[in-house]
Every structure is written in structure tokens, then in C-alpha cells.
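Worksheet: one structure, shown below.
The values are calculated or read from the model by the stated rules, or taken from the named source; none is laboratory data. All values reported here derive from a predicted model rather than from experimental measurement. Cβ placement follows ideal geometry from the backbone for every residue including glycine, while neighbour counts extend to all protein chains displayed. Surface accessibility is based on the protein's heavy atoms, side chains included, excluding ligands, DNA and RNA. Shrake-Rupley method; radii C 1.70, N 1.55, O 1.52, S 1.80 Å.
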Amino acid sequence: MTDRAQIFDTVTAQIAPFNKKAVPLTEATTFAGDLEWDSLTVMDFVAAVEDEFDILITMNMQAEIETVGQLVDAVAKLRT
């Protein structure tokens, strides 16, 4: 399994408690549109991801991340 695949699996596991509508998760799943998250949910989720991967996702980065795949890419970049 590739590093990116492992990150994807971990990210989707982190999404699970916040995925109230059981939306199927893919690389293209959007946080605002598909998951219908409000800003508070996003902040809680970002904190969980930061803790899980021991990284810091800046507000500027958060503003650019709209899909699960973009988040996986950002986490992979921050871990290197």
C-alpha cells in the first residue's frame, strides 16, 4: 500500500464520526457540498487530522482544500 493510500484511509477514518449522512467517500468528495459541513465541523475535523498526523494546516491551506483528495495531498506534502 502506498503512503498516499494509507493517508487516504486514515483521513477517511477521521471523517467517519463527522459523516452524519453516511456519504460515500472518494477523492472527489467535497466537504462543503457533499458532506454539508459547517465551519465549526470543519474546524473540529481539521484539529483531528492535525492531531492524527502531527501537522499544522494553516488557514490559507484550509481555504484551498475543498475535496478529500486535496486534503490527502496536503497531508502528504506536510509530512515530507
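Open to solvent by less than 80 Å² (accessible area, probe 1.4 Å) and among the charged types (D, E, K, R): is that true of D38 in this structure? So D38 does not fit the description; no. Among residues of segment 1-28 that are under 21 Å from I55 (Cβ atoms), those with a beta-carbon under 6 Å from a residue that is of a type in the set (S, T, Y) and part of a helix (DSSP H, G or I) at least six positions away or on a different chain give the pairs F18/T41; L25/T12.
Take A48 and decide whether it is modelled with pLDDT of 95 or more and either open to solvent by 40 Å² or more (accessible area, probe 1.4 Å) or of a type in the set (G, A, S) (or both). For A48, the condition - modelled with pLDDT of 95 or more and either open to solvent by 40 Å² or more (accessible area, probe 1.4 Å) or of a type in the set (G, A, S) (or both) - is met.
Being farther than 19 Å from L78 by Cα and open to solvent by 70 Å² or more (accessible area, probe 1.4 Å) is the filter here, so list the residues in segment 1-25 that pass it. Residues satisfying the conditions are M1, P17, K20, K21, A22, P24.
Residues that are open to solvent by less than 70 Å² (accessible area, probe 1.4 Å) and over 20 Å from Q6 (Cα atoms) within segment 51-80 comprise T58, M61, Q62, listed in sequence order.
If a residue counts only when it is within 10 Å of the chain's Cα centre (by Cα) and of a type outside the set (D, E, K, R), which helices (runs of 4 or more DSSP H) contained entirely in the chain have at least 3 such residues?
Working: elements: 3-15, 39-53, 59-64, 68-79.
Those helices (runs of 4 or more DSSP H) span 3-15, 39-53, 68-79.
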